[in-house]
C-alpha cells in the first residue's frame, strides 16, 4: 500500500464562505489531506531523494524532521511546519512522502490569503437592526489579536452618544450595547476602531436604526 499524505490548513473563504479565514482557526475547522501508509510505515530517515517535501507554490521545504506520528501508530502522522508569509491570493500547498518500501504519494490543497486590512477585521454587524429591544449587540471577527478595540456611537449630527470597549481577541467578538432609555428613536452611526499590535489602525463605520 502506498503512503497517504495529509496537509492540514485553516479553512478559507475559498470553500466555506465569508468569515472562515479566521473562523477556521477560531473554531478548529480545517482543510485536511492525510499522511498514512499500510504496514510499511512512513520513511522518516531523511535520506536524499526520499525526504518529506512540502511545496508552497514554487518554494520547497524539507519537513521530515517536523513529522510526528499519531497516537503512537508509526503508519499515520502529521507535519506541523510554519510557512513564511504568503502574498494575498490563492496558493497551492503540495506534500510528498515515502514509505519504507520507497513508494511515494503526493497530495495538494489550495488556500486563500486575504489582504491584511480586509482579513484582520471582518463581518462587522449590529443586531438586531433596527434595534427594537432595550439592548443589541455589536459583532465582528478578528483574525489576529489587537492592542485594543473601541466602539463609538454617534448621532447623525456627529455628537458622541456612547463609547464602549470591545473584545480584542482573535475570532468572533460580541459586545452588548444597552443605551440610555432616554435615547431618541433615530438613525445613528457606529465606528469600530481597532488598534493593531504593529501600530496600525483599522476603522469600519456602519449605521443603526433605533426604534423602541
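The values are calculated or read from the model by the stated rules, or taken from the named source; none is laboratory data. These numbers were taken from a predicted model, which means no experiment stands behind them. As a convention, Cβ positions derive from the backbone with ideal geometry for all residues, glycine included, and neighbour counts pool all protein chains shown.
Structure values in brief
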{"read-out": "Residue check, residue 183 in a strand (DSSP E or B), farther than 14 Å from residue 207 by Cα and in contact (Cβ under 8 Å) with a residue 12 or more places away in the chain", "value": "no"}
{"read-out": "Residue selected from segment 140-171 under the condition over 30 Å from residue 185 (Cβ atoms) and buried (at least 19 other Cβ atoms within 10 Å of the Cβ), by the criterion modelled with the lowest pLDDT", "value": "143"}
{"read-out": "Residue list for segment 186-204, filter: farther than 12 Å from residue 121 by Cα and either part of a strand (DSSP E or B) or touching a strand residue (DSSP E or B) at 6+ places or on another chain (Cβ under 6 Å) (or both)", "value": "186, 187, 188, 189, 190, 191, 197"}
